[in-house]
Amino acid sequence: MSDFQALSEAVHKGDIKTAVAETQVAMDANANIQDILDNGLIATMDEVGDRFSKGIIFVPQMLRSAKTMQECMKLITPFFQKDGVTSKGKVLIGTVKGDLHDIGKNLVSMMMEGAGFTITDLGVDVPPEKFVQKVQEIEPDIVAMSALLSTTMPSMPLTIEALRSAGVRDKVKIMIGGAPVTDKYAQEIKADAYASDAGSAVSRAKTLMGIS
Amino acid sequence: MKPIDIPTFQPRLKVLSREQALAIHTAALEIIEKTGFKMEHPGALQMLIDAGCTVTDDDWVRMPGYLAENALKSAPRQIALFDQQGNKTMPLVDGNPFYGTGSDTTFTLDLETGQRRRTNLKDTANFAKLVDGLENISFAMSMSNPEDVPIDNIYVYAFAEMIKNTNKPLVFIADSSKDIAKIHQIACAVVGGEDELRRKPFLLNYSEAISPLRFPENVVGKLIFCAQKGIPICFPSGSNAGGGAPVTLAGAMALGIAENLVGLVVHQMAGKGSPFLFGPNVSTMDMKSTVVSYGCPEWSLTQAALADMRDELYGLPVWAYAGASDSKTMDAQAGAEAMFSVATAMLSRCNLIHDNGYLEYGGISSLEMVTMINELIAMTRFYVQGIPVNTETLALDAIQRVGTTPGSMFLTDDHTFDNFMDAQFIPKLLDRSRYDSWEAEGSTDLYKRCNTEAKRILAEHRVEPKSDEILQAIDKIVKG
């Protein structure tokens with residue numbers, strides 16, 4: 001295992017330029033790509049996430065670190081297949097049909113990505129058929145749905161039903177969230193998990209994947 | 001000759017200079033002219049094109065500033081809201097403040113158990129009835145997102161429930177131009193027809209665009225419906241600092257005002273002269289929890305700024321909030337945050353002030369909070385009255401009598417007897433009793449006393465009922 005102290009420090013600070021340069025240094029030194037990802041980037045983002053949930057750092061600082069990680073990822077992603085790199089899990093995410101709000105959903109995406117998940121974001125106003133089609137196409141581990149309006153919440157069970165009809169419901173774990181959504185509602189519509197904010201979405205996703 | 005009276009100065013908070021107000025307005029115009037916005041309603045898009053806006057990428061619109069200036073001129077400078085019996089109870093003009101509850105909370109604090117639980121239609125009824133019985137709460141909103149009604153008709157049920165439980169003016173939510181038409185029918189049934197409702201509107205719609213700069217079809221549909229029917233509407237987007245808008249308050253206000261101006265232009269094109277309550281919601285997003293704060297000083301500051309902009313530039317009555325908290329229980333934090341916004345909203349002369357009684361940044365409604373705020377408004381109202389300075393209040397005669405008559409005291413002087421009811425603020429729920437009597441009365445805190453008072457009002461207050469004919473008509477519309 002290599003020493004990623006300088007890289008880690010740059011990700012903590014959100015210093016994109018230095019972090020990208022340090023990633024390049026590690027690659028030039030023939031460091032293992034999985035090692036850079038796991039012990040350089042994700043390990044740092046775990047620390048960042050931890051400092052965020054303890055209230056030591058604020059959202060913009062956490063997101064700058066996540067953005068820094070993304071920039072570093074651009075360098076190493078092309079080598080994933082060749083080196084057999086694995087992610088924590090594949091997540092398909094979107095705001096449900098009828099709903100155009102996306103701030104919360106975007107936060108969840110960024111934090112999950114920081115935690116090592118691979119994210120496919122379908123955007124807003126995503127109809128059930130589109131969720132189904134994408135599930136069939138990319139075979140994600142988790143489908144995450146968001147709604148801000150109580151009037152669009154019913155799109156969640158409709159999407160679950162559509163996944164069921166297509167025979168893929170049991171191949172994925174389903175997570176839901178958004179202002180009017182409750183744990184009780186998640187149970188009622190037989191989703192697998194509810195998260196009240198972006199931080200808990202990451203820990204729920206990890207639990208669903210059997211990692212902690 | 002009779003001496004000239006000394007006018008009473010009424011405390012008034014100003015937070016913007018004229019230069020600041022103009023600079024924010026100019027920035028808002030630059031946003032609509034140069035940046036543009038996404039208009040997803042085809043009818044509104046066509047109206048904007050016809051009026052001289054340019055469009056790129058199907059629905060990205062840039063609007064000449066003069067359209068906004070014209071719309072500001074054609075919208076009425078006063079909105080009179082009536083109660084459901086035809087009395088003008090809320091003249092929204094100049095610096096008149098009116099406080100009311102808020103909409104759509106997912107949870108409420110149960111009056112019996114004190115527990116946070118999911119809201120239902122009975123809660124909407126209770127909040128409306130409580131508002132009806134509180135003298136300083138001028139209008140009702142649903143305070144509940146009822147779990148026990150069909151979700152595709154949720155706002156129609158909530159509106160009908162409010163109608164049955166209060167005669168005060170209502171501020172309501174709708175989903176689209178479909179359910180708002182039903183709500184309009186109900187309102188017409190209450191006052192006896194569309195013309196009567198147009199003359200004496202007792203309702204105001206709350207609709208919001210999505211910050212930044214997005215105008216969904218269903219939202220604009222409601223805006224146009226209200227403009228055509230003469231239903232007063234407010235159109236505040238959630239341009240919260242750091243969330244839907246830049247983190248700095250000036251930029252967040254400029255964006256929110258730009259979005260409001262777009263709404264106003266479409267509104268005045270659809271119904272020139274129809275009433276439009278001006279103003280965005282500019283709170284702040286908490287940078288630890290990402291919660292949009294309801295107890296922060298920022299929101300009180302931006303709405304005070306908006307009231308200044310009304311006086312300097314816009315002339316239209318403004319939308320505001322107060323009496324809410326981020327606290328999860330009705331504790332000291334809830335009291336402190338509620339008092340801060342209640343007092344500053346009145347001191348800065350906001351007009352229609354909603355969300356009174358919210359906890360958990362709008363997640364929980366509380367009957368006890370509303371009851372407490374009724375008293376906080378009374379305190380603030382007293383303060384804003386100022387100090388009348390005249391012969392009677394200077395009381396030199398009383399000072400002469402008491403000062404020079406051995407054994408006399410102010411407490412027994414006629415001047416005290418004649419004046420104390422007006423000269424003092426007399427609290428009902430805030431406790432000033434001596435320790436022993438407080439203890440003997442059960443050592444209650446304010447939450448407990450508000451709980452008792454809310455229960456008393458719900459048990460004893462009688463809401464003037466609607467006729468059976470009206471109630472039947474409403475039921476038909478709700479279920480039809």
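The values are calculated or read from the model by the stated rules, or taken from the named source; none is laboratory data. Remember, predicted model here, so these are calculated numbers, not experimental data. Reconstructed Cβ throughout: ideal geometry from the backbone, glycine too, with neighbour counts over all protein chains shown.
General remarks:
- Search result, residues across the range B:36-56 that are in a loop (DSSP other than H, G, I, E, B) and without any contact (Cβ under 8 Å) to a residue 60 or more places away in the chain: B:G52, B:C53
- Answer residue from the range B:461-480, given it is in contact with a helix residue (DSSP H, G or I) (Cβ under 8 Å, 6 or more places away or on another chain) and among the charged types (D, E, K, R) and is surrounded by the most Cβ atoms within 10 Å (Cβ to Cβ) among those: B:K466
Let's see how each residue does on (1) within 18 Å of A:V108 (Cα to Cα); (2) modelled with pLDDT of 95 or more; (3) acidic (D, E); (4) out of contact with any helix residue (DSSP H, G or I) (no Cβ under 8 Å at 6 or more places or on another chain):
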| residue | (1), (2), (3), (4) |
| --- | --- |
| A:Q5 | no, no, no, yes |
| A:M27 | no, no, no, no |
| A:G40 | no, no, no, no |
| A:A66 | yes, no, no, no |
| A:L75 | no, no, no, no |
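- Of the residues B:T113, B:T166, B:T106, the single one that is of a type in the set (S, T, Y) and modelled with pLDDT under 95 is B:T106.
- When B:I257 is tested against (1) more than 14 Å from chain A (Cβ to nearest Cβ); (2) in a loop (DSSP other than H, G, I, E, B); (3) under 21 Å from the mean Cα position of the chain (by Cα), only condition (2) is not met.
Residues checked against (1) among the aromatic types (F, W, Y); (2) buried (at least 18 other Cβ atoms within 10 Å of the Cβ); (3) touching a His at 6+ places or on another chain (Cβ under 8 Å); (4) outside the structural domain of B:R116 (by TED's automatic domain parsing):
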residue: B:I49; (1), (2), (3), (4): no, no, no, yes
residue: B:V55; (1), (2), (3), (4): no, no, no, yes
residue: B:W60; (1), (2), (3), (4): yes, no, no, yes
residue: B:M63; (1), (2), (3), (4): no, yes, no, yes
residue: B:N70; (1), (2), (3), (4): no, no, no, yes
residue: B:Q85; (1), (2), (3), (4): no, no, no, no
residue: B:P97; (1), (2), (3), (4): no, yes, no, no
residue: B:T105; (1), (2), (3), (4): no, yes, no, no
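- With respect to (1) of a type in the set (D, E, K, R); (2) touching a residue at least 60 places away in the same chain (Cβ under 8 Å); (3) away from every other protein chain (no Cβ under 14 Å), the lone exception for B:K328 is condition (3).
- The residues listed here are B:I154, B:I163; of these, the one that is part of a helix (DSSP H, G or I), away from chain A (no Cβ under 12 Å) and over 16 Å from the mean Cα position of the chain (by Cα) is B:I163.
- For B:F139, the conditions (1) in contact with a Phe, Trp or Tyr (Cβ under 8 Å, 6 or more places away or on another chain); (2) of a type in the set (F, W, Y); (3) within 26 Å of A:Y185 (Cβ to Cβ) are fulfilled apart from (3).
- Residues that are closer than 25 Å to A:E113 by Cβ and in contact with a helix residue (DSSP H, G or I) (Cβ under 6 Å, 6 or more places away or on another chain) within the range A:143-168 comprise A:M145, A:S146, A:T159, A:L163, A:V168, listed in sequence order.
- Unique residue being in a helix (DSSP H, G or I), modelled with pLDDT of 95 or more and out of contact with any Cys (no Cβ under 8 Å at 6 or more places or on another chain) when the list is B:G295, B:G251: B:G251
- Test: B:T444 is at pLDDT below 95 and either of a type in the set (F, W, Y) or surrounded by 10 or more Cβ atoms within 10 Å (Cβ to Cβ) (or both): no
- Total residues in the range B:298-329, condition of a type outside the set (D, E) and in a helix (DSSP H, G or I): 13
- Matching residues, the range A:187-199, being in contact with a helix residue (DSSP H, G or I) (Cβ under 9 Å, 6 or more places away or on another chain) and not acidic (D, E): A:I189, A:K190, A:A191, A:A193, A:Y194, A:A195, A:S196, A:A198, A:G199
- So B:E439, is it in the same structural domain as B:S103 (by TED's automatic domain parsing), in a helix (DSSP H, G or I) and among the acidic types (D, E): no
- Evaluating B:F139 against the criteria (1) surrounded by fewer than 22 Cβ atoms within 10 Å (Cβ to Cβ); (2) touching a residue at least 60 places away in the same chain (Cβ under 8 Å); (3) of a type outside the set (G, A, S); (4) touching a His at 6+ places or on another chain (Cβ under 9 Å) leaves one unmet condition, (1).
- Scanning the range B:299-337 for residues that are more than 17 Å from the chain's Cα centre (by Cα) and under 11 Å from B:V282 (Cβ atoms) returns no hits.
Results for (1) closer than 28 Å to B:P201 by Cα; (2) away from chain A (no Cβ under 14 Å); (3) in contact with a strand residue (DSSP E or B) (Cβ under 7 Å, 6 or more places away or on another chain); (4) of a type in the set (D, E), shown as yes or no for each residue.
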position: B:M47; (1), (2), (3), (4): yes, yes, no, no
position: B:D57; (1), (2), (3), (4): no, yes, no, yes
position: B:A71; (1), (2), (3), (4): yes, yes, no, no
position: B:Q85; (1), (2), (3), (4): yes, yes, no, no
position: B:D94; (1), (2), (3), (4): yes, yes, no, yes
position: B:G114; (1), (2), (3), (4): no, yes, no, no
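- Selected residue (criterion: nearest to the other protein chains (Cβ to nearest Cβ)) from residues of the range A:57-96 that are among the aromatic types (F, W, Y) and farther than 29 Å from B:A241 by Cα: A:F80
- Some residue of the range B:192-211 being among the basic types (K, R), touching a strand residue (DSSP E or B) at 6+ places or on another chain (Cβ under 7 Å) and over 29 Å from B:E30 (Cβ atoms): yes
- Restricting the range B:205-240 to residues that are out of contact with any Pro (no Cβ under 7 Å at 6 or more places or on another chain), in a strand (DSSP E or B) and within 12 Å of chain A (Cβ to nearest Cβ), the residue that is surrounded by the fewest Cβ atoms within 10 Å (Cβ to Cβ): B:R214
- Test: residue in the range A:71-88 that is closer than 20 Å to A:G199 by Cα and part of a loop (DSSP other than H, G, I, E, B): yes
- So B:F139, is it more than 14 Å from chain A (Cβ to nearest Cβ) and in a strand (DSSP E or B): yes
- For the range B:91-116, the set of residues classified as touching a residue at least 12 places away in the same chain (Cβ under 8 Å) and in contact with a Lys or Arg (Cβ under 9 Å, 6 or more places away or on another chain) consists of B:V93, B:D94, B:G95, B:N96, B:P97, B:G100, B:T106, B:F107, B:T108, B:L109, B:L111, B:R116, listed by residue number.
- Reported count of residues in the range B:71-90, each being over 13 Å from the mean Cα position of the chain (by Cα) and assigned to a strand (DSSP E or B), is 5.
- B:S289 vs. criteria hydroxyl-bearing (S, T, Y) and surrounded by 23 or more Cβ atoms within 10 Å (Cβ to Cβ): no
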